[in-house]
Amino acid sequence: MSTGGLTAADRLVNAFTMAGGKARPTLREVAAAAGVSVATCSYVLSGRSDRVRQLPQDTQDKVREAARRLGYAGNTAARVLRRQRTELIALVYAPPVGPWLDRLTMQCEDVAVAHGYSVIGLPIRHAERAEHSLRVITQGYVDGVIFAPGLADGLDLDRFARSTRAIVAFSDYLEPGPADLVRNQVRAAMGEAVEHLLKIGHRRIGYLAHTGRPADAGTRDRYLGYQDALERAGVPIDPALARPGAASREEALVGARELLDAADPPTALISESDRGAIAALQVARERGLAVPDDFAVIGVGNTQEAVVSFPALTSVGMAQFDFTEIVEVLFARIDEPDRPPRVLDLPWVLDRRASA
């Protein structure tokens, strides 16, 4: 059977209606079992929150218990067609995940549930495979999408805007228009971190990158900020001081050990993640180095892990580890696709703690 010309909503309806041949319990049957009106039953099971006076909790409990007992699943297909929305948003990110992305995902889910939506994750491990994963957006399966840092700069966002209602992208370079933007001024903040190390006397500053090529697109600005500060201070850039390792604890341990065991080791280190920096603190303890007197460490992310590490980790990142406003901008755009584009200026800051 041909599916030519079907919209995303049509395809979702087909998926729901072809899922099985058994007659499903109706909303009217659930209402009768709960002893309430069909309107009350519909209100409770739709998850709506627009009623001025909320229904009594015992009424809501009776409706949900009746639905559970009867196996009522709701007519998602009909709702999709009626609203012309899929009630899904996508979060596009580059693995591996860390505390920063965990927090963004959690708050996406919290805000989405409040709006009656669900969240799907689209991991982009390899740039050459991105097109396949991003079909979820270009074929209209989601109402909105958030691009994590480093993923939107090389994409044609106008193409995505033709098939989804809302786009939010972390980018210091894109112009607002098809997407609402979050600007973090990453390069400047990383330069400030290096300048801080230079001011307290360090000249050999190691670098733990996410990959073996520190200038890869996803974290390019972090490394460029490092380079900028060294060049401004007239300090030669030594490629031997850069290692992969920020992506995972295991890799960070290897990278930090290689740096500290070198013939001319660094006296300070910046990691592209807090996770890698905390691993470097462990290696410093293994080598009997006092932090920050013998060896200073700075991470990226400004996560809760940085606050509770020992010693507390100096880190670069958003001033508040909170993405709620960013996600709400996405839903505002879903509700009003023609509203003027927004730019959220949330510059990274250097949060100085005990490690540097």
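Rule-based calculations on the coordinates, nothing more; no lab input. These numbers come from a predicted model, not from an experiment. Glycine gets a Cβ as well: all are built from the backbone with ideal geometry, and neighbour counts include every protein chain shown.
Listing for the model above:
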quantity: Reference-scaled alpha-carbon Rg (2.2 N^0.38 Å with N residues) for region 186-318; calculated: 0.92
quantity: Given charges at beta-carbon only (K, R positive; D, E negative), |dipole| of the chain in Debye; calculated: 1440 debye
quantity: Difference of contour (0.36 nm per residue) and Cα-Cα distance, ARG69 to SER46; calculated: 6.5 nm
quantity: Percentage, to the nearest whole number, of Cα pairs in the chain over 40 Å apart; calculated: 29 percent
quantity: Relative contact order, percent, the chain [alpha-carbon distance under 8 Å, six or more residues apart]; calculated: 15 percent
quantity: Residue exposure sequence - TYR226, TYR141 - by fewest surrounding Cβ within 10 Å; calculated: TYR141, TYR226
quantity: Built amide H within the under 5 Å cut-off of LEU134, gap 5+; calculated: none
quantity: Residue-averaged 222 nm ellipticity for the chain, from DSSP H runs of 4+ at -39500 (n - 2.57), nearest 500; calculated: -12000 deg cm²/dmol
quantity: Charge context of LEU253, other residues only, Cβ under 14 angstrom, K/R +1, D/E -1; calculated: +1
quantity: For the chain, with +1 on Lys and Arg beta carbons and -1 on Asp and Glu, the positive-most of VAL145, VAL44, TYR226 along the dipole; calculated: VAL44
quantity: Förster radius 25 Å - calculated FRET efficiency between THR211 and GLU131, Cβ distance, rounded to 0.05; calculated: 0.75
quantity: Rough spin-label spacing in nm, given labels placed 7 Å along Cα→Cβ, for ALA32 and ALA262; calculated: 7.7 nm
quantity: Using θ = phi - 60° and Karplus 6.51 cos²θ - 1.76 cosθ + 1.60, couplings along region 245-258 (whole Hz; Gly, Pro as x); calculated: x, 6, 6, 8, 4, 4, 5, 5, 4, 5, x, 5, 5, 4
quantity: Electrostatic dipole magnitude of region 210-355 [Cβ: Lys, Arg +1; Asp, Glu -1; Cα centre; debye, to 20]; calculated: 200 debye
quantity: Residue-wise HN-Hα coupling along region 280-297, computed from phi with Karplus coefficients 6.51, -1.76, 1.60 (Hz; x: Gly, Pro); calculated: 5, 4, 4, 5, 4, 5, 4, 8, x, 8, 7, 9, x, 4, 8, 8, 9, 9
quantity: Kirkwood-based shape ratio for region 96-177, expressed as Rg/Rh from alpha carbons; calculated: 0.94
quantity: For peptides 232-241, 164-173, sequence by mean Cβ density within 10 Å, most packed first; calculated: 164-173, 232-241
quantity: Signed unit charges on C-beta, dipole axis of the chain, positive-most listed residue ALA290, HIS115, ALA34; calculated: ALA34
quantity: Theoretical gain in end-to-end length, GLU336 to ARG287 [0.36 nm per residue, Cα-Cα removed]; calculated: 11.9 nm
quantity: Net charge of neighbours whose Cβ lies under 14 Å from the Cβ of VAL308, counting Lys and Arg as +1 and Asp and Glu as -1; calculated: -1
quantity: Order of PHE323, PHE331, PHE147 - criterion: other Cβ atoms within 10 Å of each residue's Cβ, fewest first; calculated: PHE331, PHE323, PHE147
quantity: Within a Gaussian network of the chain (alpha carbon springs, distance under 10 Å), most fluctuating of ALA67, ALA31, ALA39; calculated: ALA39
quantity: Residues ASP338, ASP351, ASP180, sorted so that the one with the fewest Cβ neighbours within 10 Å comes first; calculated: ASP338, ASP351, ASP180
quantity: Signed unit charges on C-beta, dipole axis of the chain, positive-most listed residue ALA189, PHE170, GLY255; calculated: PHE170
quantity: Under Karplus coefficients 6.51, -1.76 and 1.60, residue-wise ³J(HN,Hα) of region 225-233 in Hz, glycine/proline x; calculated: x, 4, 4, 3, 5, 5, 5, 4, 8
